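What follows is one structure encoded as structure tokens, with my remarks underneath.
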Amino acid sequence: MSAHGLFVTGTDTGVGKTLIACALVRALTARDFRVGVLKPVASGSLRTPEGLRNEDALALAACANLGQTYREVNRYCFEPPVSPHIAADEANISIDTGLIAGDFRALAARADWVVAEGAGGWYAPIGPRQTMADLAAALPAQVLLVVGLRLGCLNHAALSREAIGARGLPFAGWVASAVDAEFARPRENLAALTRALGAPPLEVVPHQIPGARPLLLAQAAARLAP
């Protein structure tokens, strides 16, 4: 495998993982890299004439430049908006991290970068005994942590970083995502996060408003791919 790999996880659900992953993919393609994407497990999907389709997976696919089919982006697609392990159980499906790792390697063979986005947080379950952490461990990828800037983020970020380190996985860094427009003392919290996570954020993403121009994480991309 020659491609660089990133697994995008978050301190919780709803912290902007897809927003950040898409913005990073745009920035990498703008630098003329061949970029493939994976949203290997997704729940909360819509029925279409082509089958189930997940909004996050479609967003990622629209930013990449390898011409992937939907199936190449999203192997496990579930309709109900519930935890993946519940959706998989209801569909009588067992999520196989080995198959997802194979998808990753197939993309890596024709890409410079492969960006995979998890579902939920680091320990979100994907089966009776497996979590997103197990999926990340199956991939040859560094872990990028999206920290949602809201009350409680200091604890969630520190716990997530410690858990990533406990698996012995390489840590690419973190991106601050201003999900709460009313978040108090953001500067002080960013300083505390920098101390807790051992490095400043690759980028700080301001609160996004509907209709804003597509986000481009040029600074983060430049730091990850100098």
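General remarks:
- If you go through segment 38-68 and keep only what is under 12 Å from the mean Cα position of the chain (by Cα) and among the acidic types (D, E), you end up with just D56.
- Identity of the residue in segment 190-224, open to solvent by 40 Å² or more (accessible area, probe 1.4 Å), β-branched (V, I, T) and over 20 Å from I164 (Cα atoms), that ends up nearest to the chain's Cα centre (by Cα): V204
- Only residues that are among the aliphatic types (A, V, I, L, M) and over 13 Å from S43 (Cβ atoms) were counted across segment 109-130, and they come to 5.
- Qualifying positions in segment 190-214 - closer than 21 Å to Q142 by Cβ and out of contact with any Ser or Thr (no Cβ under 8 Å at 6 or more places or on another chain): L193, T194, A196, L197, G198, A199, L202, E203, V204
- Number of positions in segment 191-213 that are of a type outside the set (V, I, T) and either within 15 Å of V115 (Cβ to Cβ) or in contact (Cβ under 8 Å) with a residue 12 or more places away in the chain (or both): 12
- Against the test of being in contact (Cβ under 8 Å) with a residue 12 or more places away in the chain and under 28 Å from C77 (Cα atoms), the options L216, L224 yield a single qualifying residue, L216.
- Cβ-Cβ distances below 9 Å connect no pair with a first residue in segment 60-72 that is touching a residue at least 24 places away in the same chain (Cβ under 8 Å), a second residue that is surrounded by fewer than 17 Cβ atoms within 10 Å (Cβ to Cβ) and among the acidic types (D, E), and a separation of six or more residues or different chains.
- In segment 68-102, the residues that are among the acidic types (D, E) and within 14 Å of D134 (Cβ to Cβ): D96
- Cβ separations smaller than 6 Å between residues 6+ apart or across chains give the following pairs from segment 119-140 residues that are among the β-branched types (V, I, T) to residues that are open to solvent by less than 30 Å² (accessible area, probe 1.4 Å): I126/V41; I126/P84; I126/I95.
- Meets criteria (in contact with an Asp or Glu (Cβ under 8 Å, 6 or more places away or on another chain) and either under 26 Å from A225 (Cβ atoms) or among the basic types (K, R) (or both)) for L135: no
- Only a single item in (1) over 18 Å from A137 (Cβ atoms); (2) surrounded by 16 or more Cβ atoms within 10 Å (Cβ to Cβ) is not met by T97, and it is number (1).
- Against the numbered list (1) open to solvent by less than 50 Å² (accessible area, probe 1.4 Å); (2) over 22 Å from A27 (Cβ atoms), N155 comes up short only at (1).
The values are calculated or read from the model by the stated rules, or taken from the named source; none is laboratory data. What you see is a predicted model, and the numbers here were worked out from it, not measured in a lab. Here Cβ is always computed from backbone atoms with ideal geometry, including for glycine, and neighbour counts include all displayed protein chains. Each accessible area value is taken on the protein alone, full model and side chains, heavy atoms only, with ligands, DNA and RNA left out. Shrake-Rupley method; radii C 1.70, N 1.55, O 1.52, S 1.80 Å.
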